[in-house]
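The values are calculated or read from the model by the stated rules, or taken from the named source; none is laboratory data. Just so you know, these numbers come straight off a predicted model, no measurement behind them. Positions of Cβ are backbone-derived with ideal geometry, glycine not excepted, and every protein chain shown enters the neighbour counts. Ligands, DNA and RNA are excluded from the accessible area calculation, which covers all protein heavy atoms including side chains. Shrake-Rupley method; radii C 1.70, N 1.55, O 1.52, S 1.80 Å.
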Amino acid sequence: MQTDIFIAGHKGLVGSALVRRLQREPDTRLLLRDRAELDLRNQSQVDAFFRAERPKQVYLAAAKVGGIHANSTYPAEFLRDNLLIQTNVIHAAWEHGTQKLCFLGSSCIYPKHAAQPMAEDALLTGPLEPTNEWYAVAKIAGIKLCQAYRLQYGFDAISLMPTNLYGPGDNFDLQNSHVLPALIRRFHEARLAADPEVVIWGTGTPKREFLHVDDLADAAVTLMRDYSGEQIINVGVGEDLSILELAHMVARVVGYEGRISTDPSKPDGTPRKLLDVTRIHAMGWNASIPLEQGIAQTYQWYLAQADGQRRD
Ligand SMILES: NC(=O)c1ccc[n+]([C@@H]2O[C@H](COP(=O)([O-])OP(=O)(O)OC[C@H]3O[C@@H](n4cnc5c(N)ncnc54)[C@H](OP(=O)(O)O)[C@@H]3O)[C@@H](O)[C@H]2O)c1
């Protein structure tokens, strides 16, 4: 029996990894629509799509995503677009007979000063990091929507909270990208230009956790098969490193041999953001791609891209 699976946001970092992963699953038909064909903010377009296609499974990997600069420049869009996308898709999926839906949140849902590592029950126990609160509030609303549809209608929606993701298909635009793709591009360009020094934002002391997006896709497919519950599930590695250590690792992979210094006048963001992955480990799932190996693979993907930029 063939299973029709809709991957919302299939061209994105997570969406394209889910396509790679699910293409390996037998008896599945992937339903893929890009934004020009289906704007997920448009309720009637979403309803018409679900009424016509009636997918049995949905992976909600579409969202307005971006780094600190983008969040502080477009707060209204980050809140509105993400609220619209998740509300339209979750409601239409329930209304048109979808059997299972995977909602993707993010580790920024947890309070700025949550105890580290951050366990799932830290949700809504303190104030959020202001630099991305618009996006975080939308994601928390998405979690609650999944829990409410399960409670009222018995709709089997699960919510995964991934840590910082990286990999092929990432956004390398220096204005809107996350820290890891930005470092890969900057060290690459510094090596080509023979720059004697690369200056990184902030003090270099904040600690971050990074998960390869193919590991995330594998976790999502595994939980869609094995897990049905209202509790959110953290997806991470359970280890972190400082931004300065990360910069040295990226420089090694790229082959940059100049000096690396820090600029404390730039913001550091949250001091530490490490997920507690006890729950998903207890389900038998563990990340499998080591960070330096994953960065090397991502750098090869970056070099293979004509202009090195996914989009601006
Ligand atoms: N990246 C991370 O580090 C990270 C970490 C934790 C959680 N997540 C979560 O993972 C999910 C996917 O993130 P990502 O990193 O893969 O983001 P991404 O690379 O920016 O991909 C998002 C995708 O959503 C599509 N999209 C956005 N608005 C749309 C709309 N109105 N209609 C149709 N499609 C639309 C985009 O289409 P276009 O290509 O046309 O723009 C893009 O393909 C998000 O829910 C995010 O919160 C990401």
Toy charge model, Lys and Arg Cβ at +1, Asp and Glu Cβ at -1: the range 1-82 dipole around Cα centroid in debye, rounded to 20, equals 140
Reachable lysines, given that their alpha-carbon falls under 25 Å from the alpha-carbon of Lys56 and they are not under 8 places away in the same chain: Lys11, Lys64, Lys100, Lys139, Lys144
Net +/- balance of residues flanking Asn88 in space, Cβ distance below 14 Å, scoring K and R +1, D and E -1: +2
Projecting each Cα onto the charge dipole of the chain (Lys/Arg +1, Asp/Glu -1 at the beta carbon, about the Cα centre), which of Thr205, Ser242, Asn88 comes out farthest on the positive side? Asn88
Applying the Karplus parametrisation 6.51 cos²θ - 1.76 cosθ + 1.60 with θ = phi - 60° to the phi angles of the range 270-280, what ³J(HN,Hα) value in whole Hz is obtained for each residue in order, glycine and proline being reported as x? 4, x, 8, 8, 10, 7, 7, 10, 4, 5, 6
Counting only DSSP beta bridges with both residues in the chain, what percent are antiparallel, rounded to the nearest 5? 10
Quick one: 3J(HN,Hα) in Hz for the range 71-82, Karplus 6.51/-1.76/1.60 with θ = phi - 60°, rounded, Gly and Pro as x. 4, 7, 8, 10, x, 5, 5, 5, 6, 5, 4, 5
Return one number: the angle in degrees, 0 to 90 and rounded to the nearest 10, between the long axis of the Cα atoms of helix 13-22 and the longest principal axis of the Cα atoms of the chain. 60
Semi-axes (Å, rounded, descending) of the ellipsoid equivalent to the range 95-218 per its C-alpha gyration tensor are 34, 19, 11
Dimensionless Rg over Rh [the chain; C-alpha; Kirkwood]: 0.96
The chain, accessible surface, carbon-and-sulfur percent (1.4 angstrom probe): 51
Throw me the Rg/Rh for the range 161-312, computed over C-alpha atoms with Kirkwood Rh, two decimals. 1.00
Would you mind counting up the charge near Val179? Only other residues with Cβ under 15 Å from its Cβ, with Lys and Arg at +1 and Asp and Glu at -1. -1
Take peptides 269-280, 147-158 and line them up by average Cβ neighbours within 10 Å, highest first, as a rough protection proxy. 269-280, 147-158
Taking amide H positions as placed 1.01 Å from N in the peptide plane, with prolines and chain starts having none, which residues 5 or more places from Lys112, or on another chain, fall under 5 Å of its amide H? Leu128, Glu129
Alpha-carbon Rg with Dmax, taken over the range 1-121, Å: 15.6, 48
Enumerate the whole-percent occupancy of each 10 Å bin, from 0 to the last occupied one, for all C-alpha pair distances of the range 39-83. 23, 43, 24, 11
Could you tell me the largest-minus-smallest coordinate of the C-alpha atoms of the range 218-274 on each of the three principal axes, in descending order and whole angstroms? 49, 27, 15
From the square roots a ≥ b ≥ c of the eigenvalues of the alpha-carbon gyration tensor of the range 60-157, which class results: rounded (a/c under 1.5), prolate (a/b over b/c), or oblate? oblate
Kindly report the accessible area of the chain per residue (heavy atoms of protein chains, probe 1.4 Å, no ligands, DNA or RNA), in Å². 45
With each run of n ≥ 4 DSSP H residues scored as -39500 (n - 2.57), what mean residue ellipticity at 222 nm is computed for the chain after dividing by its residue count and rounding to the nearest 500 deg cm²/dmol? -13000 deg cm²/dmol
Given the alpha-carbon gyration tensor of the range 138-186, what are the semi-axes of its equivalent ellipsoid in whole angstrom, ordered largest first, with each equal to the square root of 5 times an eigenvalue? 34, 10, 7
Place +1 on the Cβ of every Lys and Arg and -1 on the Cβ of every Asp and Glu in the chain, take the dipole about the Cα centre, and give the residue among Pro117, Cys146, Ile260 whose Cα lies farthest towards its positive end. Cys146
Once Lys and Arg are counted +1 and Asp and Glu -1 for all other residues with Cβ under 12 Å from that of Ala190, the total becomes 0
Amide H neighbours of Thr3 under 5 Å, counting only residues 5+ apart in sequence or on other chains, H built in-plane at 1.01 Å? Thr28, Arg29
Where in the range 79-112 does the label zone of Asp268 land, with the point 7 angstrom along Cα→C-beta and an amide N cut-off under 17 Å? 112
DSSP-defined beta bridges in the range 164-312 - what % are antiparallel, rounded to 5: 25
